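Here the structure comes first, spelled out in structure tokens, and everything after it is commentary.
The values are calculated or read from the model by the stated rules, or taken from the named source; none is laboratory data. The structure presented is a predicted model; accordingly, all values stated were derived computationally and were not measured. So basically every Cβ, Gly included, is an ideal-geometry build from the backbone, and we count neighbours across all protein chains shown.
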Amino acid sequence: MASATQLHQVLLNLGTNSSHAMQASGGIMRIVVRPVTLEGEAAARHQLSPGAYVEILFSDSGHGMDEEIRLRIFDPFFTTKETGQGTGLGLSAVHGIIEAHQGAIEAASEVNVGTTFTIYLPAAVEEEAAPEEAPAPVVRGNNELIAVVDDEDMVRAFVQMALERSGYRVRAFDTAAACLETLRKKPGEFALLLTDQTMPMMKGLELAEAVRQFDLHLPVMIMSGYFSRISPDNLARIGHVSMIAKPFTNAEISQAVHRVMNGQPAVTGPTDQ
Ligand SMILES: Nc1ncnc2c1ncn2[C@@H]1O[C@H](COP(=O)(O)OP(=O)(O)O)[C@@H](O)[C@H]1O
Ligand SMILES: [Mg+2]
């Protein structure tokens, strides 16, 4: 019953922090999910009402943190990382999401030993959701060819699968340069360019700009987890550019693509980290 996108973000943010904490010497990240019943006292300790919960234990054997830091980690903009490394927004977003789901989160940590986040989310009781008022329309492509660029194999494979299932053809590229070369050779063949923003050599926006040198109309959609870093002025100047926030589901990417292909306004999403 929870928002899959938001829980994805929770796990991603916790995982990113754990991997940072273990960067120097490696270690183990462990995620345990189990049903628990919180009785009066245990529930009250987390300011929850007694009942059935799903407990998620997210732990790492990283550098840990002292008490002074631990007390501030959920504060927005609190970070111990160097400028450019951390925004301090990860855990405040996590906290907000868990609260919005009527859950609770706490952290326990020991310096040089590791950190464990304990999350409680109310267990869903309904066997099945009430029938939807109107099922979301199934959007399907018409075999249009889409160029997909992402340096991460997993993301590329995921997007390709989602779009192919939705009736599009996909040509995937792992670098902006490879994509640019193909687009240049085959103008008019592609219906959309869907590109990651953050890539080592050439960023998504730079690719869009380069494409505009020889193709004024090809719609471009940028996938990014860091919306705030992309200025709307830049987008407007390049033209026909829309954005979709990472992470997204199968359905979200297919619908966003469908919308752009049908000339509907640019897609935006939550600014998240
Ligand atoms: N798993 C962890 N191990 C040790 N310290 C952590 C861990 N997770 C979070 N922290 C501490 O909490 C701070 C805030 O985390 P977060 O809100 O995600 O922001 P950021 O990662 O951008 O610094 C981090 O800078 C770090 O000091
Ligand atoms: Mg973080």
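Data overview
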{"item": "Unmet criterion (only one of (1) within 14 Å of ligand 2 (Cβ to nearest atom); (2) more than 17 Å from SER3 (Cα to Cα)) for ALA93", "result": "(2)"}
{"item": "Residue that is nearest to ILE73 (Cα to Cα) [pool: residues in segment 15-46 that are within 16 Å of ligand 2 (Cβ to nearest atom) and either in contact with a Cys (Cβ under 7 Å, 6 or more places away or on another chain) or of a type in the set (A, V, I, L, M, F, W, C) (or both)]", "result": "ALA21"}
{"item": "Count of residues meeting criterion [of a type in the set (S, T, N, Q) and at pLDDT 95 or above] in segment 80-101", "result": "1"}
{"item": "Residue tally, condition under 20 Å from GLU144 (Cα atoms) and either of a type in the set (Val, Ile, Thr) or not in a loop (DSSP other than H, G, I, E, B) (or both), over segment 213-228", "result": "4"}
{"item": "Complete set of residues in segment 77-88 that are over 12 Å from HIS20 (Cβ atoms) and near ligand 1 (Cβ under 6 Å from one of its atoms)", "result": "PHE78, THR87, GLY88"}
{"item": "Residue match in segment 54-67 (condition: surrounded by fewer than 12 Cβ atoms within 10 Å (Cβ to Cβ), outside any helix (DSSP H, G or I) and at pLDDT 95 or above)", "result": "yes"}
{"item": "So ALA100, is it crowded, with 20+ Cβ neighbours inside 10 Å, farther than 26 Å from GLY26 by Cβ and more than 6 Å from ligand 1 (Cβ to nearest atom)", "result": "no"}
{"item": "Flag if GLN47 is more than 12 Å from ligand 1 (Cβ to nearest atom), at positive phi and surrounded by 12 or more Cβ atoms within 10 Å (Cβ to Cβ)", "result": "no"}
{"item": "Considering residues of segment 1-37 that are in a strand (DSSP E or B) and over 26 Å from MET65 (Cβ atoms) only, the residue farthest from ligand 1 (Cβ to nearest atom)", "result": "THR37"}
